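Participant: The structure under discussion is supplied below as structure tokens; questions concerning it will follow.
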Amino acid sequence: MAAQNQKIITKNTMQELSKVQSSFADETKKEALEIFKAMPIPKEREEDWRYTEIEKLKLESFEPFESKTGIIATKLSDDLIEKGIILTDINKAFEKYPEIAQKYFFKNVKTDKDKFVALNAAHFSNGVFLYVPKNIELDEPIRVNFHFGEKNSIVHNIIIVESNSKIDFIEEYSNNEISHEQLNCCVTEVYANQNSKLNFYHINNWTKNVYNFTNIVGAIERDAAINWVSGCFGGKLNRIKIDTLFNGQGSQANNLGIFLGRGKEHIDFTTNMHHNTPNTTNEVLVDGILKDESSSVYRGLIRIPKEGQKTYSYLENHILKLGDKTLANSIPSLKIDANDVKASHGATVGQIDEEHLFYLMSRGLSREEAERLIVEGFFEPIIQKIPMEELREKIREMVRG
Amino acid sequence: MTDSLIIKDLHVSVEGQKILNGVDLVVRKGEICALMGPNGSGKSTLAYTLMGHPKYTVDKGEAWYKEQNILDLKPDERAKLGLFLSFQYPQEIPGVSVSNFLRTAYNSVKPNQVSVPDFVRLLKEKMKLLKIDDSFSRRYLNEGFSGGEKKRAEILQLAVLQPEMAILDETDSGLDIDSLKTVAHGVNTLLNPNFGALIITHYQRILNYITPDSVHVMVKGRVVKSGGKELAHQLEAKGYDEIIKEAEISI
Ligand SMILES: Nc1ncnc2c1ncn2[C@@H]1O[C@H](COP(=O)(O)OP(=O)(O)OP(=O)(O)O)[C@@H](O)[C@H]1O
Ligand SMILES: [Mg+2]
């Protein structure tokens, strides 16, 4: 089934999602608030926070957390609405589609495991709810732009792709240049049901005073697939954590992550793959470049419990450090309890090759130009794996700065 | 004379080890000089030093080109003056396409920027000249190229950038006979009264196609013998040992 061809991107063809308060989530919020208050700020010695120091972060200084976030999303054509696709504000979804919303809301995400998930559950003020019914194949991506202005933002999104449907979803996050510190905290729940396919693109581009905590949890059912592509740019602390749950046989995931650190930015990138059923396939590739005095930590877990026989899971991480003042940490790990699996991980952290620089400079390129080509070239193999040309070009542009 | 490359009493060391021990050599514009010599005698060291490789320390001596002691210049500044080095072992640069790289290089060394279509035309023409398949322009620079393809790609760069003073470090090594002819033909099309070249080689073969004006022999970091093109024939016939012995006697 094909979607009507929609010309998207420009603002006038997109709709502003309005914020409507509902009582549905109030119970969850109330419970989460208690959990949030009781939880201490994470310490660097905790496994999930190693090499990221936020003990001094005064969360209360960001209060009040609630503020309306500017969200602009694809305007669905009448045809798509008729087919049952829902794209709306999450509060509105609680009100208008309580059955679907209740079924999925916090289905896989635990509020008591992560301070910022608890924060999100207690204080989210809006977010996107996307529901794609069975047997729908969209030719055009669904786009959502979150523009966080100058205030803190706590958003909660739910994306559900029902059986045999196939969509591309693009979410972009940005904010204004601001002089004070800003807190952004997002949780996105993703559900790819049987035999569905979701290409999920996440691009964030923060200004330098932003603390960003993004948690994405995707559940993949039988024979379904999620291709994650994330590009992380900017922010004082830019943390993204993607958990993939392989919940059905034959489920597949690809996880491409790209980040670029500049100035004093710290990037904290986690991919956790949980192979809970047999015959699942996964490839993770996270590539990052650190410039100036930026730092990063990448944590990549492949977890295969006893049930996960015949898993194929592969993880790779490459970091290119420009200059001695950058700091890269890479912690790939395998936790395997099944005996018939193929799994491996590899990580490299390297400096720019002086022989490469000399070769390029000998042809007349200045050191800066040579570095620029090498940086762009470093990302080119991973960019080539992105399934959509528009996004390939977008990431190239972001890398160029 | 000012557009000649003049090397005077050049002493160079690498990681504390002396490699060049007083090289004197002149490559005049419009002329082809061949530099030969046994393995490890310092030919590539000379080439790298002239291009400004940061690993090579100049202990003593000068190298003049266009009224400047080029040893004080950065590699890119030397390229902008008109120098070019065809590498014995070209680097593989992942993710950087041949055409993107060469266009950036072209715009760096030429006074006027070239438009993309004009550049594509120029690149196509030179690739045809060197019998390089069109697909190479999109490939990553030298990545996965065979030994011979790398050498051909070096000469493609030479042909596109059209420098005035080229050092070809064993460009002929690893080329089959047809490739050698193609590459030599490519170099010959560049010959003009303003172009000079230093051709480093072990074999007389390439000199059958590119006729040298002079031949020099380097041994243990010094040029020990110079002569006309017949010297290359002698070397091939007698080997270095005899020439070295003769040279030692004459020193
Ligand atoms: N980085 C280095 N560290 C130590 N020694 C080096 C280094 N680079 C070159 N050398 C030494 O310097 C000497 C000269 O090397 P060079 O590459 O200049 O020789 P060449 O004449 O070009 O030889 P070939 O004909 O084999 O290419 C050799 O003994 C080599 O081992
Ligand atoms: Mg050599």
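The values are calculated or read from the model by the stated rules, or taken from the named source; none is laboratory data. This structure is a prediction, so every number in the text was calculated from the model and none was measured. Virtual Cβ from ideal backbone geometry, glycine too; neighbours counted across all protein chains shown. Please note that ligands, DNA and RNA were not included when accessible areas were found on the heavy atoms of the full protein model with its side chains. Shrake-Rupley method; radii C 1.70, N 1.55, O 1.52, S 1.80 Å.
Participant: Given A:391, A:373, A:365, which one is away from chain B (no Cβ under 13 Å), open to solvent by less than 10 Å² (accessible area, probe 1.4 Å) and not β-branched (Val, Ile, Thr)? Step through it out loud before you land on a result.
Facilitator: On the way: A:373 fails: away from chain B (no Cβ under 13 Å); A:365 fails: away from chain B (no Cβ under 13 Å).
Sole residue among the options that is away from chain B (no Cβ under 13 Å), open to solvent by less than 10 Å² (accessible area, probe 1.4 Å) and not β-branched (Val, Ile, Thr): A:391.
Participant: Go through (1) open to solvent by 20 Å² or more (accessible area, probe 1.4 Å); (2) under 19 Å from the mean Cα position of the chain (by Cα); (3) not small (Gly, Ala, Ser) and name the single condition residue A:117 misses.
Facilitator: Condition (1) is where residue A:117 drops out.
Participant: Of all residues in region B:166-184, which are away from every other protein chain (no Cβ under 13 Å) and either away from ligand 1 (no atom under 16 Å from the Cβ) or on the phi > 0 side of the Ramachandran plot (or both)?
Facilitator: Residues satisfying the conditions are B:170, B:174, B:176, B:177, B:178, B:179, B:180, B:181, B:182, B:183, B:184.
Participant: Continuing with this model, one more query. Which one of the conditions (1) more than 13 Å from the chain's Cα centre (by Cα); (2) over 25 Å from residue B:76 (Cα atoms); (3) touching a residue at least 40 places away in the same chain (Cβ under 8 Å) does residue B:125 fail to meet, given that it meets all the rest?
Facilitator: (3)
Participant: When both residues are 6+ apart or on different chains and their Cβ atoms are under 6 Å apart, which pairs have a first residue that lies in region B:43-58 and is touching a residue at least 12 places away in the same chain (Cβ under 8 Å) and within 12 Å of chain A (Cβ to nearest Cβ), and a second that is of a type in the set (S, T, N, Q) and assigned to a loop (DSSP other than H, G, I, E, B)?
Facilitator: Close Cβ pairs satisfying both conditions: B:51/A:362.
Participant: Can you find a residue that is open to solvent by less than 10 Å² (accessible area, probe 1.4 Å) and within 16 Å of ligand 2 (Cβ to nearest atom) anywhere in region B:206-215?
Facilitator: Checking region B:206-215: at least one residue is open to solvent by less than 10 Å² (accessible area, probe 1.4 Å) and within 16 Å of ligand 2 (Cβ to nearest atom).
Participant: Which one of the conditions (1) within 12 Å of ligand 1 (Cβ to nearest atom); (2) away from chain A (no Cβ under 14 Å) does residue B:32 fail to meet, given that it meets all the rest?
Facilitator: Answer for residue B:32: the failing condition is (1).
Participant: Kindly indicate which of A:90, A:142, A:160 is in contact with a helix residue (DSSP H, G or I) (Cβ under 9 Å, 6 or more places away or on another chain), buried (at least 21 other Cβ atoms within 10 Å of the Cβ) and more than 13 Å from residue A:24 (Cβ to Cβ). Steps first, answer last, please.
Facilitator: Working: A:90 fails: more than 13 Å from residue A:24 (Cβ to Cβ); A:142 fails: in contact with a helix residue (DSSP H, G or I) (Cβ under 9 Å, 6 or more places away or on another chain).
Residue meeting the stated conditions: A:160.
Yes or no, residue by residue, for (1) out of contact with any Lys or Arg (no Cβ under 8 Å at 6 or more places or on another chain); (2) part of a strand (DSSP E or B):
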residue	(1), (2)
B:63	no, yes
B:85	yes, yes
B:90	no, no
B:94	yes, no
B:101	no, no
B:104	yes, no
B:107	yes, no
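Participant: Which one of these does residue A:277 not meet: (1) among the polar types (S, T, N, Q); (2) surrounded by fewer than 20 Cβ atoms within 10 Å (Cβ to Cβ); (3) not in a strand (DSSP E or B)?
Facilitator: Here residue A:277 meets the rest and fails (2).
Participant: Would you check if residue B:192 is touching a residue at least 24 places away in the same chain (Cβ under 8 Å) and either in contact with a strand residue (DSSP E or B) (Cβ under 9 Å, 6 or more places away or on another chain) or under 26 Å from residue B:112 (Cα atoms) (or both)?
Facilitator: Numbers: touching a residue at least 24 places away in the same chain (Cβ under 8 Å): yes; either in contact with a strand residue (DSSP E or B) (Cβ under 9 Å, 6 or more places away or on another chain) or under 26 Å from residue B:112 (Cα atoms) (or both): yes.
It is true that residue B:192 is touching a residue at least 24 places away in the same chain (Cβ under 8 Å) and either in contact with a strand residue (DSSP E or B) (Cβ under 9 Å, 6 or more places away or on another chain) or under 26 Å from residue B:112 (Cα atoms) (or both).
Participant: In addition: Out of (1) within 14 Å of chain B (Cβ to nearest Cβ); (2) open to solvent by 20 Å² or more (accessible area, probe 1.4 Å); (3) among the hydrophobic types (A, V, I, L, M, F, W, C), the odd one out for residue A:360 is which?
Facilitator: Only one criterion is unmet by residue A:360, namely (2).
Participant: Now a separate question. Would you check which residues across region B:98-115 are of a type in the set (A, V, I, L, M, F, W, C) and modelled with pLDDT of 95 or more and list them? Reasoning before the result, please.
Facilitator: Kept after step one, since they are of a type in the set (A, V, I, L, M, F, W, C), are these residues of region B:98-115: B:98, B:101-102, B:105, B:109, B:114.
B:98, B:101, B:102, B:105, B:109 - these are the residues of region B:98-115 that are of a type in the set (A, V, I, L, M, F, W, C) and modelled with pLDDT of 95 or more.
Participant: Looking only at region B:39-55, decide whether some residue is under 22 Å from residue B:163 (Cα atoms), more than 16 Å from ligand 2 (Cβ to nearest atom) and of a type in the set (D, E, K, R).
Facilitator: Within region B:39-55, the first condition is being under 22 Å from residue B:163 (Cα atoms), and the residues that meet it are B:43-54.
Subsequent filtering for residues that are more than 16 Å from ligand 2 (Cβ to nearest atom) retains B:52, B:54.
Restricting the remaining residues to those that are of a type in the set (D, E, K, R) gives none.
Within region B:39-55 (the criterion being under 22 Å from residue B:163 (Cα atoms), more than 16 Å from ligand 2 (Cβ to nearest atom) and of a type in the set (D, E, K, R)), the answer is no, since none of the residues qualifies.
Participant: Could you please tell me which pairs satisfy a Cβ distance under 9 Å, a separation of 6+ or placement on different chains, a first residue in region A:258-272 that is without any contact (Cβ under 8 Å) to a residue 40 or more places away in the chain, and a second residue that is open to solvent by less than 30 Å² (accessible area, probe 1.4 Å) and of a type in the set (Asp, Glu)?
Facilitator: Correct list of pairs: A:259/A:287; A:272/A:243.
Participant: Still on this structure: How many of the residues in region B:126-144 are part of a loop (DSSP other than H, G, I, E, B), over 16 Å from residue A:359 (Cα atoms) and of a type outside the set (Asp, Glu)? Let's see the steps before the verdict.
Facilitator: From region B:126-144, those part of a loop (DSSP other than H, G, I, E, B) are B:130-133, B:139, B:141-144; that's our starting set.
Then keep just the ones that are over 16 Å from residue A:359 (Cα atoms); that gives B:130-133, B:139, B:144.
Right, trim to of a type outside the set (Asp, Glu) and you get B:130-132, B:139, B:144.
Result for region B:126-144: 5.
Participant: Same structure again: Every residue in region A:281-327 that is open to solvent by less than 20 Å² (accessible area, probe 1.4 Å), in contact with a Ser or Thr (Cβ under 7 Å, 6 or more places away or on another chain) and among the small types (Gly, Ala, Ser), please.
Facilitator: Of everything in region A:281-327, those that are open to solvent by less than 20 Å² (accessible area, probe 1.4 Å), in contact with a Ser or Thr (Cβ under 7 Å, 6 or more places away or on another chain) and among the small types (Gly, Ala, Ser) turn out to be A:288, A:294, A:300, A:308.
Participant: Moving to a separate point now. Give me the residue from region B:83-102 that is surrounded by 22 or more Cβ atoms within 10 Å (Cβ to Cβ) and more than 9 Å from chain A (Cβ to nearest Cβ) and, out of that set, farthest from residue B:119 (Cα to Cα).
Facilitator: Selected residue: B:86.
Participant: Collect the residues in region B:141-157 that are away from ligand 1 (no atom under 16 Å from the Cβ) and either in contact with a Ser or Thr (Cβ under 6 Å, 6 or more places away or on another chain) or away from chain A (no Cβ under 14 Å) (or both), keeping them in residue-number order.
Facilitator: Taking region B:141-157 first, the residues away from ligand 1 (no atom under 16 Å from the Cβ) are B:141-146, B:148-149, B:152-153, B:155-157.
Result: B:146, B:148, B:149, B:152.
Participant: Which numbered condition trips up residue B:167, out of (1) of a type in the set (Val, Ile, Thr); (2) open to solvent by 10 Å² or more (accessible area, probe 1.4 Å); (3) under 21 Å from the mean Cα position of the chain (by Cα)?
Facilitator: Only one criterion is unmet by residue B:167, namely (2).
Participant: Is it fair to say residue A:346 is open to solvent by less than 30 Å² (accessible area, probe 1.4 Å), more than 8 Å from chain B (Cβ to nearest Cβ), at pLDDT below 95 and out of contact with any Lys or Arg (no Cβ under 7 Å at 6 or more places or on another chain)?
Facilitator: Working: open to solvent by less than 30 Å² (accessible area, probe 1.4 Å): yes; more than 8 Å from chain B (Cβ to nearest Cβ): yes; at pLDDT below 95: yes; out of contact with any Lys or Arg (no Cβ under 7 Å at 6 or more places or on another chain): yes.
Considered against the rule, which asks whether it is open to solvent by less than 30 Å² (accessible area, probe 1.4 Å), more than 8 Å from chain B (Cβ to nearest Cβ), at pLDDT below 95 and out of contact with any Lys or Arg (no Cβ under 7 Å at 6 or more places or on another chain), residue A:346 comes out as yes.
Participant: Looking only at region B:42-90, how many residues end up being more than 15 Å from ligand 1 (Cβ to nearest atom), within 15 Å of residue B:20 (Cβ to Cβ) and of a type in the set (Phe, Trp, Tyr)?
Facilitator: Qualifying residue count, region B:42-90: 0.
Participant: With (1) among the charged types (D, E, K, R); (2) touching a Gly at 6+ places or on another chain (Cβ under 9 Å); (3) at pLDDT 95 or above as the list, and residue A:208 as the residue in question, which single condition is left unmet?
Facilitator: (3)
Participant: Examine region B:107-116 for a residue that is small (Gly, Ala, Ser), in contact (Cβ under 8 Å) with a residue 60 or more places away in the chain and either open to solvent by less than 50 Å² (accessible area, probe 1.4 Å) or more than 7 Å from chain A (Cβ to nearest Cβ) (or both), and state whether such a residue exists.
Facilitator: So in region B:107-116, the residues small (Gly, Ala, Ser) come out as B:108, B:115.
Right, trim to in contact (Cβ under 8 Å) with a residue 60 or more places away in the chain and you get none.
Scanning region B:107-116 turns up no residue that is small (Gly, Ala, Ser), in contact (Cβ under 8 Å) with a residue 60 or more places away in the chain and either open to solvent by less than 50 Å² (accessible area, probe 1.4 Å) or more than 7 Å from chain A (Cβ to nearest Cβ) (or both).
Participant: Could you tell me which of the residues B:9, B:24, B:76, B:59 is away from ligand 2 (no atom under 16 Å from the Cβ) and either at pLDDT below 95 or touching a His at 6+ places or on another chain (Cβ under 7 Å) (or both)?
Facilitator: On the way: B:9 fails: either at pLDDT below 95 or touching a His at 6+ places or on another chain (Cβ under 7 Å) (or both); B:24 fails: either at pLDDT below 95 or touching a His at 6+ places or on another chain (Cβ under 7 Å) (or both); B:76 fails: either at pLDDT below 95 or touching a His at 6+ places or on another chain (Cβ under 7 Å) (or both).
The unique qualifying residue is B:59.
Participant: Further question on the same structure: Mind checking which residues of region B:68-82 are within 17 Å of residue B:113 (Cα to Cα) and either at the interface with chain A (Cβ under 7 Å from one of its Cβ atoms) or not in a helix (DSSP H, G or I) (or both)?
Facilitator: The answer is B:76, B:79, B:80, B:82.
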